[in-house]
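In what follows, a single structure is set out as structure tokens and then discussed.
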Amino acid sequence: DGSTALYDAMVFSLLQLQGVPGKRALIVLSDGKDSGSRYTLDDVVHVARETGASIYLVLLSSSTPARLNALATESGGRVWDLRDTKQLDSIYATIARELRSQYRLTFQTAARDRNQFRRVVVRTELPEVKVRTSSGFFPR
């Protein structure tokens, strides 16, 4: 009907990843505009945190809305502003390379409240290494 329920689609897609073992990622090709969603961007952030999925956004736009950039960054993903469809092969190859080169770090926590999001910062002493990670986790 002319509206784009982008946030609804993202929440639905992220929910499909719940319980899937291994690395979870959502790749979205969109203009980044939402009109008509029942869910909000905050809902997308919450579900992304719960599923532990990285969100990669390829936007058909000349400028990325700051909140979408924050969503991708917080989930450990990235954003691309697509200026020419000829860039798609390179962008998807970069995403595939990043997903293949990721590590999973696990640790035990004394946190008991499963509904409280815990912030995490990962640092390295190697200056040539760039660390990109989700901003935290829900205790399991």
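The table below lists the values:
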read-out: Loop-resident sites, region 51-140, for chymotrypsin sites (Phe, Trp or Tyr not before Pro), counting at most 10 other Cβ within 10 Å (DSSP); value: Y103, F107
read-out: Per residue accessible area in Å² of the chain, where ligands, DNA and RNA are left out and the probe is 1.4 Å; value: 67 Å²
read-out: Listed residues D84, D42, D34, most fluctuating in the chain (Gaussian network, C-alpha, under 10 Å); value: D84
read-out: Sum of side-chain charges, M10 neighbourhood, beta-carbon under 15 Å (Lys, Arg +1; Asp, Glu -1); value: -2
read-out: Solvent-accessible area, 1.4 Å probe, carbon plus sulfur percent, for the chain; value: 49 percent
read-out: Longest site-free stretch - the chain; sites: GluC sites (Glu not before Pro), DSSP loop, at most 10 other Cβ within 10 Å; value: 1-124
read-out: Contact order normalised by residue count of the chain, Cα under 8 Å, 6+ apart, percent; value: 22 percent
read-out: Formal net charge of residues neighbouring Y56 (Cβ-Cβ distance under 14 Å; K, R +1; D, E -1); value: +3
read-out: Length-normalised contact order for region 1-70 - Cα pairs under 8 Å, 6+ apart - percent; value: 42 percent
read-out: Proximal charge balance of F117 [Cβ under 11 Å; K/R count +1, D/E count -1]; value: +1
read-out: Contact order relative to length of region 61-133, as percent, for alpha carbon pairs under 8 angstrom and 6 or more apart; value: 36 percent
read-out: Separation of the Q18 and K86 label points, Cα + 7 Å toward Cβ, nm; value: 4.4 nm
read-out: Loop-located trypsin sites (Lys or Arg not before Pro) in region 1-103 whose Cβ has at most 15 other Cβ within 10 Å (DSSP); value: K23, K33, R38, R83
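The values are calculated or read from the model by the stated rules, or taken from the named source; none is laboratory data. These numbers were taken from a predicted model, which means no experiment stands behind them. No Cβ is skipped: glycine too gets one built from the backbone with ideal geometry, and neighbour counts run over all protein chains shown. The area values use the complete protein model at the heavy-atom level, side chains included, leaving out ligands, DNA and RNA. Shrake-Rupley method; radii C 1.70, N 1.55, O 1.52, S 1.80 Å.
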